[in-house]
Amino acid sequence: MDLTWSDDEEAFRAEARAWLEEHLARWREQCGGAPASGDTAEGFSQQMVWEEMLFEARWAVVSWPEEYGGRAASLWEWLIFEEEYYRAGAPQRITQNGIFLLAPTVFEVGTDEQRDHILPRMAAAQDLWCQGWSEPGSGSDLASLRSTARPVDGGWVLDGQKTWTTRGAFCTHLFGLFRSDPGQERHRGLTYLLVPLDLEGITVRGFGRLDGDTGFAEVFFDGVFLPDAGPLGPTVLGEVGRGWNVAMATTSSERGLTLRSPGRFMATADRLLALWRNVDGPTRAPHLRDRLVDAWMRAEAYRVQTLAVVSDTLAGRPAGAATSLVKLWWSELDVELHDLALQLLGPEAEVEGPWSKGWQFSLSGPIYAGTNEIQRNITAERVLGLPRS
Ligand SMILES: Cc1cc2nc3c(=O)[nH]c(=O)nc-3n(C[C@H](O)[C@H](O)[C@H](O)COP(=O)(O)OP(=O)(O)OC[C@H]3O[C@@H](n4cnc5c(N)ncnc54)[C@H](O)[C@@H]3O)c2cc1C
C-alpha cells in the first residue's frame, strides 16, 4: 500500500480545505453564533442552510457520479474530504442516514427510476431520510420485527411501530423493514420499503435524549396506504420478501467505513492534544499523558487500517464480517477520547460544553449500528471461526 498522496489528491485536499474554511465561517456567521446540535429543531434548520451550501458547491456527495450531484471522486478523495471536513470542525451531517446508509443500497439494488428520482433529491437535502428498522422488542434481534406490510390492490397497508429513529422528528422519508408475509418467520418474508412520512395514518412522535436533544422519534403506522409507486419511483427496494438481504447490504455500510470515517476521530484526537497543552498542571497527571499518547496512536492506527480497507476494496477484496472489527474500534476509541477529555477538564467537565456533550453521545456508539456485544459475537463466529455460544 502506497501512502503517498498524488499531486491531484493534494490539490483536491487544498481545494476542499479552502472552501470549508471560507464557507464554514460564513455559515457560522449566518447562524448568529455557535450552531445548535443537528438533533434539535433549531440546529436541523440551521444545517439545512449548510447542506444547501455543500450541494451548490458539489461537496454534498463527493464520491457520487456527477449526474446525481457528486464529483465522481475516488474513495481516497472521499477520505481526504472527510479528513478536511472534521479537521475544520464542520457539523455531523443531518443527511447522513440517507447518504451513508440508504444510498449505497439504492446504487446496488435500486432500479434506474429509483436512482434517478431518489439520489439527486437526497443529495440536495430536498428529501431527508431516516432509518426505520428498530422496534420495541426488536433491536439486536431485528429479525423478530412485527410491523406489517399487507399487500393490497396497487400497494401496501402498513401497521406497527418503529422506534429509536434518529432525527425522525425532522425527516421527510423513512426507509424501513416490514413483515410482508405473515406465513414466514424471522428474516424470511420481510420487505424493504421507502415511505414518505406525510402519508395518512402515520404519527411521528419525537422524544428527548439524555443530552436534551429532541430528534429521536417513534413512528406509528395505523392502516397506512403506501402505493406501489410514488414521486420517487417504486416504493419497494429490491425484491418483495427479500428485505433482509437488502437490509444487510445497508448494515455493512453502517458498521464499516462510511458512517464513521477516520477523519472524525483524528480531529477529536488532535483537539484532545490541544486541550492537554492548554490545561493547568495538576490535571496533567503522567498516567493521563500515557493514555493520551495511546488514544492518539489508536486514532492514527484506525486511519491507517481504513486506508488498508480502501486499498483492499479497490482491489476487489470486500471487508465482509471484518466491518464488525471496524465498528468495535471506532466506537471504543470515541468513548476513550471523550473520557480522557473529561479527566483533563476536571470539575469543569461538569459544565455543559462540547466535550461533555460529545462524551454523552460517544456512549451510544457501542449501542447503535449493532451493539458491540453483537459485533463480538460476529467477530468470534465469522472472523475467528469459533463455535456459536
Ligand atoms: C444513538 C442511537 C441512534 C439510533 N438510531 C437508530 C435509527 O436511526 N434507526 C433504527 O432503526 N434504530 C436506531 N437505533 C437503535 C439501535 O439500532 C438499537 O438500540 C440496537 O440495535 C440495540 O437494540 P436494543 O436497544 O433493542 O437493545 P437489545 O437488543 O434489547 O439489547 C440489550 C443488551 O443485550 C445485549 N444483547 C442482546 N442480544 C445479545 C446476544 N445475542 N449476545 C450478546 N448480547 C446480546 C445487547 O448487546 C445490549 O447490551 C439507535 C440507537 C441509538 C443508541
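The values are calculated or read from the model by the stated rules, or taken from the named source; none is laboratory data. No experiment lies behind these values; they were computed from the predicted model shown. Here Cβ is always computed from backbone atoms with ideal geometry, including for glycine, and neighbour counts include all displayed protein chains. Side chains included, ligands, DNA and RNA excluded: accessible areas come from the protein's heavy atoms. Shrake-Rupley method; radii C 1.70, N 1.55, O 1.52, S 1.80 Å.
The table below lists the values:
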quantity: Overall Cα dimensions of the chain - principal axes, largest extent first, Å; calculated: 70, 51, 45
quantity: For residue 135, residues with placed amide H under 5 Å, excluding near neighbours; calculated: 163
quantity: Among 70, 139, 154: highest mean-square fluctuation, GNM of the chain, C-alpha pairs under 10 Å; calculated: 154
quantity: Signed unit charges on C-beta, dipole axis of the chain, positive-most listed residue 164, 79, 187; calculated: 187
quantity: GNM result for the chain, Cα springs below 10 Å: residue of 334, 153, 211 fluctuating most strongly; calculated: 153
quantity: Gyration tensor (alpha-carbon) shape descriptor, region 222-322, a/c threshold 1.5; calculated: prolate
quantity: Quotient of C-alpha Rg and 2.2 N^0.38 Å, computed over region 328-375; calculated: 1.21
quantity: Share antiparallel - DSSP beta bridges, the chain, percent rounded to 5; calculated: 85
quantity: Cα centroid separation, region 85-151 to region 306-327 (Å); calculated: 21
quantity: Pairwise centroid distance, computed over Cα atoms, of region 152-168 with region 39-80, Å; calculated: 28
quantity: Heavy atoms of residue 203: accessible area, 1.4 Å probe, square angstrom to 10; calculated: 70
quantity: Residue-count net charge about residue 128 - beta-carbon cut-off 11 Å; Lys, Arg +1, Asp, Glu -1; calculated: +1
quantity: Per residue solvent-accessible surface (Å²) - the chain, probe of 1.4 Å; calculated: 46
quantity: Magnitude of the charge dipole, the chain, Cβ model with Lys/Arg +1 and Asp/Glu -1, debye to 20; calculated: 980
quantity: P(r), alpha carbons of region 65-193 - 10 Å bins starting at zero, rounded %; calculated: 11, 34, 34, 16, 4, 0
quantity: For residue 176, net neighbour charge (Lys/Arg +1, Asp/Glu -1) across residues whose Cβ lies under 14 Å away; calculated: 0
quantity: Gyration tensor (alpha-carbon) shape descriptor, region 141-238, a/c threshold 1.5; calculated: oblate
quantity: Value at 222 nm in deg cm²/dmol, rounded to 500, when DSSP H runs of n ≥ 4 in the chain each add -39,500 (n - 2.57); calculated: -14500 deg cm²/dmol
quantity: Average Cα contact separation per residue, region 1-126, under 8 Å, 6 or more apart, as relative contact order %; calculated: 26
